[in-house]
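The values are calculated or read from the model by the stated rules, or taken from the named source; none is laboratory data. Quick caveat, the model's predicted, so the values are computed rather than measured. Please note: Cβ atoms are built from the backbone with ideal geometry, for glycine as well, and neighbour counts cover all protein chains shown. Each accessible area value is taken on the protein alone, full model and side chains, heavy atoms only, with ligands, DNA and RNA left out. Shrake-Rupley method; radii C 1.70, N 1.55, O 1.52, S 1.80 Å.
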Amino acid sequence: MIICSCKGITDRDIHAAIAWMRAADPATIITPGKVYHALGHRPDCGGCMPLFLATMRENAQLEVPIHLRNLKRANTGS
Ligand code: FES
């Protein structure tokens, strides 16, 4: 399914980019910008961003690595 009509990015492209980034660096924080970059694009109109984000959130590999969670809370002591 086409997610970004400006750049022709599909849901499969997004999931493939996330899988590639996670395999390349298990500790990386994956953002929409990084996904665009991995696919060789930059966002244009931004109209796809809600669907782009929803598609990213469907991917189990998107999660922040466990050792990077709650860092702010750990550093502030709250
Ligand atoms: S639809 Fe994705 S940048 Fe325009």
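Quick notes on this structure:
- Residue that is farthest from ILE3 (Cα to Cα), among those in region 28-61 that are open to solvent by 40 Å² or more (accessible area, probe 1.4 Å) and more than 16 Å from the ligand (Cβ to nearest atom): ILE29
- Number of positions in region 1-23 that are open to solvent by 70 Å² or more (accessible area, probe 1.4 Å) and either modelled with pLDDT under 95 or away from the ligand (no atom under 15 Å from the Cβ) (or both): 3
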